[in-house]
Amino acid sequence: TGTPLEGRVAVVTGASSGIGEATAERLAQLGAKVALLARRKDRLEAAAERIAGGGGAALALPTDVTDRAAVLAAADRVTADLGPVDLVFANAGVQLISQIGDLKVEDWSAQIDLNIKGVMNTIEAFVRSLELVAAEGRPADLITTSSIAATRVLEKFSVYSGTKAYLSHLTRLLRTELGRKMVRVSTVEPGMVDTELPDHVTDPDATRLMADLLRQIDCLQSEDVAETVAFIASVPRHVNLTEITILPTAQA
Ligand code: NDP
């Protein structure tokens, strides 16, 4: 059918740009009601309006996911306005690559706080709902955005790759507990996607390297990853696509 996600209630973090924004739009097109979380209110509201304009249901909830109380408050709002959440896409992340010897400790913390703690805050806020929905016999999904950086050995990527390796392994570990409760746990590991991600890097050499790579290859678009996330959530309930690597064809 054209609406495989009809009746689903989704939460997408990092929904104000890039992969999260595209995924929120795609999930809504496929029939899900979607709550959009990120910090930039204007961008979230614009995305929610676009979704509503296309006939979908969206709720913009400006939220800093590193703030535990804020995520819990957002969860209460989603449940009250859209109903129990059955699809969580914990996607918000930042990549601030640099040499470890440069001691960019604030960049280290920012990555750990968002890519790891932000995801754990999101899990805290929604895992009970996923378990309850699954117990009722309906599909329930916890999906994260890891990266090929989780397994590749790249200079300047140590802290970022560490956070993504955490997420990929977390998926395997959570499945031992949530799988038997029929909650699916999945992670997407993309290669180069054309988003705002490199814009935040504070190391000028690393910024240049990323920009060059983006120019050299026909890299992924956010919509490509969005389609993958939608597919993970659309397969039959007894099927759990656990780790999906998605690369631009020309990226080695
Ligand atoms: P973007 O920078 O476009 O998206 C990042 C999103 O995270 C934005 O919506 C941003 O919104 C949000 N965000 C940042 N800080 C916070 C915060 N404290 N609280 C809530 N939301 C926050 O990049 P991408 O779309 O590329 O990144 C999405 C995910 O994909 C990340 O986890 C990234 O590591 C991963 N990834 C990206 C790849 C790529 O090549 N682009 C490759 C592999 C993985 P706001 O600033 O409004 O809060």
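The values are calculated or read from the model by the stated rules, or taken from the named source; none is laboratory data. This one's a predicted model, so the numbers in the text were calculated from it and none came from an experiment. Every residue, glycine as well, gets a Cβ built from its backbone with ideal geometry; the counts of neighbours run over all protein chains shown.
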Problem set entry | Residue check, Ile217 on the phi < 0 side of the Ramachandran plot and either hydroxyl-bearing (Ser, Thr, Tyr) or within 14 Å of the ligand (Cβ to nearest atom) (or both) | yes
Problem set entry | Given (1) in contact with a Ser or Thr (Cβ under 9 Å, 6 or more places away or on another chain); (2) assigned to a helix (DSSP H, G or I); (3) modelled with pLDDT of 95 or more; (4) not small (Gly, Ala, Ser), number of the condition Pro198 does not satisfy | (3)
Problem set entry | Single residue of Ala80, Ala24 found to be at pLDDT 95 or above and within 13 Å of the ligand (Cβ to nearest atom) | Ala24
Exercise. What residue, of Val94, Val119, is within 10 Å of the ligand (Cβ to nearest atom), at pLDDT 95 or above, part of a helix (DSSP H, G or I) and out of contact with any Gly (no Cβ under 7 Å at 6 or more places or on another chain)?
Worked result: Val119
For this session: Tell me which residues, restricted to region 130-173, are in contact with a helix residue (DSSP H, G or I) (Cβ under 7 Å, 6 or more places away or on another chain), within 20 Å of Asp107 (Cα to Cα) and part of a helix (DSSP H, G or I).
Result: Ala149, Ala150, Ser158, Val159, Tyr160, Ser161, Thr163, Lys164, Ala165, Tyr166, Leu167
Problem set entry | Cross-chain or 6+ apart pairs with Cβ under 8 Å, region 15-34 first and within 16 Å of Gly2 (Cα to Cα), then of a type in the set (D, E, K, R) and crowded, with 24+ Cβ neighbours inside 10 Å | Leu27/Arg8; Gly31/Arg8; Ala32/Arg8; Lys33/Arg8
For this session: State which residue pairs qualify: first residue on the phi > 0 side of the Ramachandran plot and touching a residue at least 60 places away in the same chain (Cβ under 8 Å) and inside region 68-94, second residue within 14 Å of the ligand (Cβ to nearest atom) and among the charged types (D, E, K, R) in any location, beta carbons under 6 Å apart, and separation of 6 or more residues or different chains.
Result: none
